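In what follows, a structure is listed as structure tokens, so that the remarks can point back to it.
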Amino acid sequence: MDPKKTLKEPSELAQALEVISSISRGLPSPAQSENNGYTNYGPPNRGDEGVRLRDVWTAISKRRWLIVFIVMLITTTTAVMLARKPDIYLAETDVQVDTEGPASGISSGKGNIIVDTGTDPSYFNTQLQIITKPGLLRRVVKTLDLEHNPDFLRAQANDTTWQRLMRTFGFGGGSSATQTAAQKAENNKLSIDKQVASATSPDDLEEAARLEPYVSSLQGGLRVDPVKEERLQYTETRLISIKFTHANPLVAAKVSNAVANAFVLSNLEQKTQFTHTTGDFLQQRIAELQSQIRTDEERLINYAKGHEILSLDAAQNTVVDRLSGLNKQLLEAENDRKIAEAAYRVNKEPGASSGLVAEGTKGLEAQLVTLKQKRAQLLVDNTEEWPEVKEVEKQIAALEKEIQDLRSKVSSTQASTVEARYHEALQREQALRASFEEQRGATRTQNEAAINYKIIQQEIDTNKGLLDSLLQRAKENDVVLAGTPNNLHVTDYATPPRVPIGPNRLQGVILAFLASLGFGVCLATMLEYLDDSVRSSDDVFKLLQLPTLATVPALKNSSRRSLSSGNMSLQLRDANGNGNGNRNGHGKVNPALLLDLDKHSPVAEAYRHLRTSVLLSSAGRAPKTLVVTSCVPSEGKTTTSINLAVSLAQTGARVLVIDGDMRRPSVHASFGAENKRGLSNILSNDMSESEMLALVQHEKESGLYLLTSGPVPPNPAELIGSDQMRKVILELGATFDHIVIDTPPVASFTDGVLLSAVVDGVILVIHANECSRKVVQRARQSLVDVGAKVLGVVLNRVNLHSPDYYYSYHYYSSSYNESTDYDSTAPPA
């Protein structure tokens, strides 16, 4: 067998490169144009399959613990919530509605219409609606003072939540057994109080808003129904059943009785509304007349006092005498004022005070004349500088100043005196005139006062007569009001109930159990339907039309500890190459390769099955060069590559493992080998076959040959797609029987797609229950587009406990000791 014949022609590699370029540009590839069988391939339409009973059962089995958790959570929560609710008691009061007679004060004479309410169904229905209306319930709130009733606002339970929960399932005593002695004594104090508070005025919106929360609470627990006779095939009766539910039985009975009493009293008030209105009007009018009569009498007395009416006889009137005296005084004052005014005006004239001033200064002026004559005689013989002349001049100046001051003082004093006399006379005249005018007005109104006095007295007499008539009518109206019948009366008052009516906790728990069970089943079915991952080999075949080469089971974490001892075909090695079983040089567990020698191990059997599937995948001969890839990272492709190579090496073949993942290489770490030189050095240099083989490392324990990735290059895709890669595979194929190449995920990088075009076969590793169907489909399509030969799929990390692998799990369980489990999981590749 010529190894060179196992590789494809260079033209096929160029075609693969063209396909990759077309995909990157979004153009259809040549394979898509030639092979219509894959062009329209897509994920299966689950809507066409329908919902089968087996699928539902599979979903229930797979997610049974989720369903159990949902059922337990919802059922337990419902049971606790119902147990936390206090017991509810029902009190019932019956009211009889008789045929309504004519309204009080109305006769059946002409012009009156009397309606027989006994045959009017709307009357009975109206009474039912009145009971539940806020207007009536506000009277109940005020009657029982529910605003300040702690039992109504916060009902205290007599038992614990645990006791109610136990009674739900039939354990513990009945509710009546938990009734305390204090509550029994309080129930014995229940009495019927027919006193009902007055109705709230429709205009009093503030009180209505304040009582609205309590009214709403009453409406929530109140139920009004007509009583039907069961023995007569539910014949309607004239009884109304008023029922009220509350956590406190005493409150329930009190509210039910108070509603009935308020309803009966409201009906009576409605029937006697006309009579009450008439009586109220009469009482109001009587009070007004009595008040008016008292006011008029007081006004008459005050009027007489205010107008000094001692008698209406003209001969005894003192008002006229007083007016005559004031008139005489006013004339005298007017004359005095005129005299003073004349003197005041004369004094205002210039020179009016010169006569008085001349008399006061007559002696001083005579002395002044004498001094002036003496000065003239002295000047005859002497000059003005003569001392005796100067002395005379000084006396003359002093005397002239004294005369001038005296004139000013006399003139000012005279003017003030005249003005004061004038103002005094004027004020006296004005005061007398005002008194005169006032007395003259009193004289004019004296006759009018007498007339008004008689009018007030007549009004008082008229009102007294009207008051007597209204008092007589009020007495007649009271007689009519007392004789008005009430067609409503209470037939049976409520007593505090002893047995609660709810809540029906057992029924609620059962319904919650059934609802949660249905919800859990639906949720499990929906999650199963929405699960887009590849779960089984059936999904692989339906989705990709590819065979499942092997199904590798997952391993429980608790079972890995048993792998540190025993025989292994390939142990984990640390970075220094030490075979420490299950720890690397840093002391961390590295579950990359765990291949048990036990022939009955599920993992070993899975990889032997993979080896067989690969060897028999091609007609005539087994594939020589293999690419192991995955759709996305962390699906276990590196583990699958190494374990497949180990399985092939166990047949005696020379197997080479090439780490083609030059982005995140990990094969060398699994073997503890060095990675200083490897595939990247070969692809970046023109080496001979001997130089290539010099870079291949031999792993003695497993018998494998290893070509590491070497230093990470900046352009891995260009190196993989070069002719040098084809040359490497061609020359190394002459030395080894099988070449297994580990490549990056094809959904993320093009390295694996390029390599798949130049090898004999491709193995696609899929992580069960994790990888999306769309990603798997896209990865498969990218391989098909370059003409790669996909041998099949390795379904990795399969849960054998899943219903999809029920029979496989029991087969392995019967042939393998479950005390030792193995895992094929790998670190992220």
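The values are calculated or read from the model by the stated rules, or taken from the named source; none is laboratory data. On a predicted model such as this, the values are computed, not experimentally measured, just so you know. Neighbour counts are summed over all protein chains in view; Cβ atoms, including those assigned to glycine, are modelled from backbone coordinates with ideal geometry. Remember, those area values only see protein heavy atoms, side chains included, never the ligands or the DNA or RNA. Shrake-Rupley method; radii C 1.70, N 1.55, O 1.52, S 1.80 Å.
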Output for the stretch 633-666, where each listed residue is open to solvent by 10 Å² or more (accessible area, probe 1.4 Å) and touching a His at 6+ places or on another chain (Cβ under 8 Å): Ser634, Ala653, Arg654
Given (1) surrounded by fewer than 16 Cβ atoms within 10 Å (Cβ to Cβ); (2) small (Gly, Ala, Ser); (3) modelled with pLDDT of 80 or more, index of the condition Ser416 fails: (3)
Selection status of Ser241, in contact (Cβ under 8 Å) with a residue 24 or more places away in the chain, in a helix (DSSP H, G or I) and not aliphatic (A, V, I, L, M): no
Qualifying position, being farther than 23 Å from Ala260 by Cβ, modelled with pLDDT under 85 and either outside any loop (DSSP other than H, G, I, E, B) or open to solvent by less than 100 Å² (accessible area, probe 1.4 Å) (or both), among Ser198, Ser191, Ser176: Ser176
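Each row is one residue, and each column tells you yes or no for (1) of a type in the set (S, T, N, Q); (2) under 30 Å from Val255 (Cβ atoms); (3) modelled with pLDDT of 80 or more.
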{"site": "Ile456", "(1), (2), (3)": "no, no, yes"}
{"site": "Asp461", "(1), (2), (3)": "no, no, yes"}
{"site": "Leu470", "(1), (2), (3)": "no, no, yes"}
{"site": "Arg473", "(1), (2), (3)": "no, no, yes"}
{"site": "Val479", "(1), (2), (3)": "no, no, yes"}
{"site": "Thr484", "(1), (2), (3)": "yes, yes, no"}
{"site": "Arg498", "(1), (2), (3)": "no, yes, yes"}
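Okay, residues lined up against (1) more than 21 Å from Ser666 (Cα to Cα); (2) under 60 Å from the mean Cα position of the chain (by Cα):
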{"site": "Leu695", "(1), (2)": "no, no"}
{"site": "Tyr705", "(1), (2)": "no, no"}
{"site": "Pro716", "(1), (2)": "no, yes"}
{"site": "Ser722", "(1), (2)": "yes, no"}
{"site": "His738", "(1), (2)": "no, no"}
{"site": "Thr743", "(1), (2)": "no, yes"}
{"site": "Val746", "(1), (2)": "no, yes"}
Which numbered condition Arg621 fails, given (1) open to solvent by 50 Å² or more (accessible area, probe 1.4 Å); (2) within 60 Å of the chain's Cα centre (by Cα): (2)
Hits in the stretch 471-526 (condition: touching a strand residue (DSSP E or B) at 6+ places or on another chain (Cβ under 6 Å) and in a helix (DSSP H, G or I)): none
Selection within the stretch 201-212 - loosely packed, with under 12 Cβ neighbours inside 10 Å and in a helix (DSSP H, G or I): Leu205, Glu206, Ala209
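Taking into account only those residues within the stretch 689-715 that are outside any strand (DSSP E or B) and hydroxyl-bearing (Ser, Thr, Tyr), which is most open to solvent (accessible area, probe 1.4 Å)?
Within the stretch 689-715, the first condition is being outside any strand (DSSP E or B), and the residues that meet it are 689-696, 700-703, 708-715.
Right, trim to hydroxyl-bearing (Ser, Thr, Tyr) and you get 690, 702, 708-709.
Working: Ser690: 80, Ser702: 19, Thr708: 0, Ser709: 1 Å².
It comes out as Ser690.
A quick yes/no check of all residues on (1) open to solvent by less than 50 Å² (accessible area, probe 1.4 Å); (2) over 60 Å from the mean Cα position of the chain (by Cα); (3) without any contact (Cβ under 8 Å) to a residue 12 or more places away in the chain:
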site	(1), (2), (3)
Lys409	no, yes, yes
Arg428	no, yes, no
Ala442	yes, yes, no
Ala474	yes, yes, no
Thr491	no, no, no
Criterion (open to solvent by 40 Å² or more (accessible area, probe 1.4 Å), closer than 30 Å to Ala91 by Cα and more than 31 Å from the chain's Cα centre (by Cα)) met by exactly one of Leu511, Leu506: Leu506
Residues of the stretch 221-234 classified as modelled with pLDDT under 90, of a type outside the set (Asp, Glu) and open to solvent by 60 Å² or more (accessible area, probe 1.4 Å), total: 5
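May I ask you to list the residues in the stretch 748-771 that are of a type in the set (Val, Ile, Thr) and open to solvent by less than 10 Å² (accessible area, probe 1.4 Å)? First the steps, then the outcome.
Restricting attention to the stretch 748-771, the residues satisfying the condition of being of a type in the set (Val, Ile, Thr) are 750, 753, 758-759, 762-763, 765-766.
Passing the criteria: Val753, Val759, Val762, Ile763, Val765, Ile766.
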Candidate set: the stretch 90-125, residues that are open to solvent by 70 Å² or more (accessible area, probe 1.4 Å) and not in a loop (DSSP other than H, G, I, E, B); chosen: the one modelled with the highest pLDDT: Glu92
